[in-house]
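Below you'll find the structure I mean.
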Amino acid sequence: MAEIKSALELAMERSQKYVISDEEREKIREKEILEKAMSLFYRYRDGSLTADGLLREIERMDEKVKRKVKGVLVSEWTDTLSLDNDSEKTFPVMELITEQNFDLMKQRLKKLLSSYRKEIEKARQKMSAQLAGELKREGIEGDAVEPNLEGSNDWERLVRKTADPYHEKLNEIKRDLKRLLIDKDSNSGE
């Protein structure tokens, strides 16, 4: 008499033909960790997750996953440091999850941003005076006349030219920060 097999038994027989290698399994795991880390990153960035909430989420993970997630988060935050946004606010959350002090890096960044902003403001005033002079020569003047720098191609070129050396210095800070974190990680035996 023929044996009747359950759907589960049939599915098990079919699935035995498909085997996931250890390498594929590891790739899947790495992808899941990256997705988890990026989810935390974006939730924190958009304000739907507090720093304490972020830390609680990380603490629930096993040690290997926790270390990788922290690495991804710190790398992402380091990459988002820029001359245009308030990058100084990035450091407190990095210090919280890495349990490391970044005072030297914060000082370097603060000094760089201050210098950059002063130079941009000086350039803004100079170009504004130039545009106001051009408007005056064309017979357009008065208290209500304010040159529109943002609409000027010359202004955009000047901002890019001014920002280039600062971007290089910012990239140095990013490299040093990543190196500091890698050194800490390798020295702690994690």
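So which residues in segment 85-105 are surrounded by fewer than 17 Cβ atoms within 10 Å (Cβ to Cβ) and without any contact (Cβ under 8 Å) to a residue 40 or more places away in the chain?
Selection gives Asn85, Asp86, Glu88, Lys89, Glu95, Glu99, Asn101, Asp103, Leu104.
Just to verify a result, which residue in segment 141-186, among those that are at pLDDT 85 or above and among the acidic types (Asp, Glu), is farthest from Glu121 (Cα to Cα)?
Ranking the qualifying residues of segment 141-186, first place goes to Asp176.
Then there is this: Would you call Glu119 touching a Ser or Thr at 6+ places or on another chain (Cβ under 7 Å), touching a residue at least 24 places away in the same chain (Cβ under 8 Å) and acidic (Asp, Glu)?
For Glu119, the condition - touching a Ser or Thr at 6+ places or on another chain (Cβ under 7 Å), touching a residue at least 24 places away in the same chain (Cβ under 8 Å) and acidic (Asp, Glu) - is met.
Now for a different question. Take segment 69-106 and flag every residue that is polar (S, T, N, Q) and within 12 Å of the chain's Cα centre (by Cα).
Of everything in segment 69-106, those that are polar (S, T, N, Q) and within 12 Å of the chain's Cα centre (by Cα) turn out to be Ser75, Thr78, Thr80, Ser82, Asn85, Ser87, Thr90.
Another question, then. Would you call Val74 assigned to a helix (DSSP H, G or I), assigned by TED's automatic domain parsing to the domain that holds Gly47 and closer than 22 Å to Ile58 by Cβ?
Criteria met by Val74.
So Thr98 ticks every box in (1) in contact with a Lys or Arg (Cβ under 7 Å, 6 or more places away or on another chain); (2) over 22 Å from Tyr44 (Cβ atoms); (3) not basic (Lys, Arg) but one. Which box is left unticked?
Among (1) in contact with a Lys or Arg (Cβ under 7 Å, 6 or more places away or on another chain); (2) over 22 Å from Tyr44 (Cβ atoms); (3) not basic (Lys, Arg), the lone unmet condition for Thr98 is (2).
The values are calculated or read from the model by the stated rules, or taken from the named source; none is laboratory data. None of these values were measured; they are calculated from a predicted model. Every residue, glycine as well, gets a Cβ built from its backbone with ideal geometry; the counts of neighbours run over all protein chains shown.
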